[in-house]
Amino acid sequence: MFMRIDHIGIACKDIEAKIAFFSETFELTVVAREVNEEQGVKEAMLHIADGEGGGSYIQLLEPLSEDSPVGKFIAKRGEGVHHVAFGVPDVTQAMAKISEKGVRLLDERPRHGSMGSEIAFLHPKDVGGMLTELVQAPRL
Ligand code: CMX
Ligand code: CO
């Protein structure tokens, strides 16, 4: 079901400072920047490698408001790893299969993710405390 780690999402208070740190320290390149109102975030994708069906990235996330998922996370736990995203060939199919196993889906249907992807989240409490995202990269 999982083809690769698509990205690690990192919650931060100042995305510009974190972009500077990651790109200078680890020699990573920013390949996309977006504001995703639906998810309540300003985000940047830093490319690491290309894999089966898509790339792998670090995703930096700055909350648009305190009551957004990332805003609440930072208030409670501070900055740091917020979620892990796995690349799947078909997100709707993966959601159905995973839901059958009793894992709660946080999205009823796929939503719009970074760089034209289709995404869905799984409840962290059902995945050993890890907020998990499924990503279907856009078909080229
Ligand atoms: N990782 C692990 N656990 C988390 C978590 C995270 N990122 N966020 C919340 N939790 C835990 C909390 O610690 C809390 O646990 P306790 O009850 O033991 O304290 C529990 O989940 C409930 O947390 P909460 O603070 O009350 O927050 P909510 O239930 O309102 O929301 C969640 C939590 C995961 C349902 C919500 O953040 C969500 O729907 N996330 C999916 C969307 C998202 O995160 N979007 C931003 C990223 C966008 C992108 O990647 O493109
Ligand atoms: Co993500």
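Exposed loop sites here are GluC sites (Glu not before Pro) assigned a DSSP state other than H, G, I, E or B and surrounded by at most 12 other beta carbons within 10 Å; excluding them, the longest clear run of the chain is 67-107. Sequentially through segment 117-130, phi angles give Karplus couplings (6.51, -1.76, 1.60; θ = phi - 60°) of 7, 10, 10, 7, 10, 10, 5, x, 5, 9, 10, x, x, 10 Hz, Gly and Pro residues having no value and appearing as x. Amide H to amide H, with H built 1.01 Å from N, Arg4 comes under 5 Å of Gly87, counting only residues 5 or more places away or on other chains.
With the chain treated as a Gaussian network of Cα nodes joined by springs under 10 Å, which of Phe26, Phe73, Phe121 yields the largest mean-square fluctuation? The residue with the greatest mean-square fluctuation here is Phe26.
Where a number appears in this text, it was derived from the coordinates with a stated rule and is not lab data. These figures come from a predicted structure and were not determined experimentally. Here the Cβ is made from the backbone with ideal geometry for all residues, glycine too, and neighbour counts use every protein chain on show.
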